[in-house]
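Notes for the one structure printed next.
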Amino acid sequence: MTDLMGTRVGCAMTGSFCTFKAVFEAWRALKSMGAELTPILSFNAAGVDTRFYPAAQTRHILEEITGRAPLTALNQVEPIGPKKLLDALVVAPCTGNTLAKLANGVADTPVTLAAKSHLRNGRPLVIAVSSNDALSQNARSIGQLLSMKHVYFVPFGQDDAMGKPCSLVAEFDLIPETVAAALTERQIQPLLR
């Protein structure tokens, strides 16, 4: 098991609600490895009730795992960069919308502003993609992000090649391994599963 004792990791979630259960398990795994977790939620992840989780339950579970109330506003995440609050930031799940914003420098949600603020310090941003259009419209965003310095991807693959041929989902159980590698400026391989 990888030792992440004392490593400050941002746990940023966006609205791929069907993956939340697997992502919560990844946060629990990071916590068990000694990481100090800071939860961050996009506006939608923080406020939209879905058939998977009511918004209040999402916030409660995340606070229970991390021991901290989630950051859900722009002014709460802005200090991440200037104060160097994180050693690594993980965006999981990362929707196609968030991929596009990150690839184009748009920082208008707590997650995208946290990423922008964090990257200014040259520290790793780890992306765990979950998007139904990742192999169509958002393929360009993935390509842009793959070429960016300090950006790393959790290995991913098609989750339903016949039913949803453009969909990609990260292997969320590989988040801890990806974080450990990213902290040494290394992308774990193989990336495509």
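Quick notes on this structure:
- Cβ-Cβ contacts under 9 Å between residues 6 or more apart (or on different chains), taken from a first residue in the stretch 99-118 that is in a loop (DSSP other than H, G, I, E, B) to a second residue that is charged (D, E, K, R) and modelled with pLDDT of 95 or more, are listed as 105/116; 106/116; 107/101; 107/116; 108/101; 109/101.
- 3 or more residues touching a Gly at 6+ places or on another chain (Cβ under 9 Å) and crowded, with 20+ Cβ neighbours inside 10 Å: qualifying helices (runs of 4 or more DSSP H) within the stretch 23-89: none
- Test: residue in the stretch 75-85 that is under 19 Å from residue 29 (Cβ atoms), in contact with a helix residue (DSSP H, G or I) (Cβ under 9 Å, 6 or more places away or on another chain) and touching a residue at least 24 places away in the same chain (Cβ under 8 Å): no
- Breaking point among (1) without any contact (Cβ under 8 Å) to a residue 12 or more places away in the chain; (2) part of a strand (DSSP E or B), for residue 12: (1)
- Of the residues making up the stretch 133-177, those that are touching a residue at least 60 places away in the same chain (Cβ under 8 Å) and within 22 Å of residue 123 (Cα to Cα) are 154, 170, 172, 173, 175, 176, 177.
The values are calculated or read from the model by the stated rules, or taken from the named source; none is laboratory data. No experiment lies behind these values; they were computed from the predicted model shown. Backbone-built Cβ (ideal geometry, glycine too); neighbour counts: all protein chains shown.
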